[in-house]
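The structure appears right after this line, and notes come after that.
The values are calculated or read from the model by the stated rules, or taken from the named source; none is laboratory data. Everything quoted here is computed from the prediction, not taken from an experiment. Don't worry about glycine lacking a Cβ; one is built from the backbone with ideal geometry, like all the others, and counts go over all protein chains shown.
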Amino acid sequence: MKDKQKILTGLKKAHTSLGKVMQMVEDQEYCIDVMQQNLAVIGLLKSAHQMMLDDHLSSCFKNAMASNNEKIKARMTEEILKVTKLANK
């Protein structure tokens, strides 16, 4: 992964922020404040996911599509579709 450090930084921020959201829930803080912080965590996770997807497409996926192995191409395409479907739920 070329953006490994950026991805890890985003995931660590999400982890820390999630802990804060959990504490806010335990402390029964105002719902809107909790939801806003929760959305911030979701945004960090989506950003990390997008960086991982970009890295995958520009490396593994690109290399698979350049090969002559149709099974590998089909598998890679199925994997991308599966991950994209999961991300859009």
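For the structure I just gave you, tell me whether SER67 is modelled with pLDDT under 95 and within 20 Å of LEU11 (Cβ to Cβ). Give the derivation first.
Working: modelled with pLDDT under 95: yes; within 20 Å of LEU11 (Cβ to Cβ): no.
No; evaluated as a whole, the condition is false for this residue.
Return the total of residues in the range 19-41 being closer than 18 Å to ASN88 by Cα, free of Cβ contacts under 8 Å to residues at least 12 places away in the same chain and surrounded by 13 or more Cβ atoms within 10 Å (Cβ to Cβ).
0
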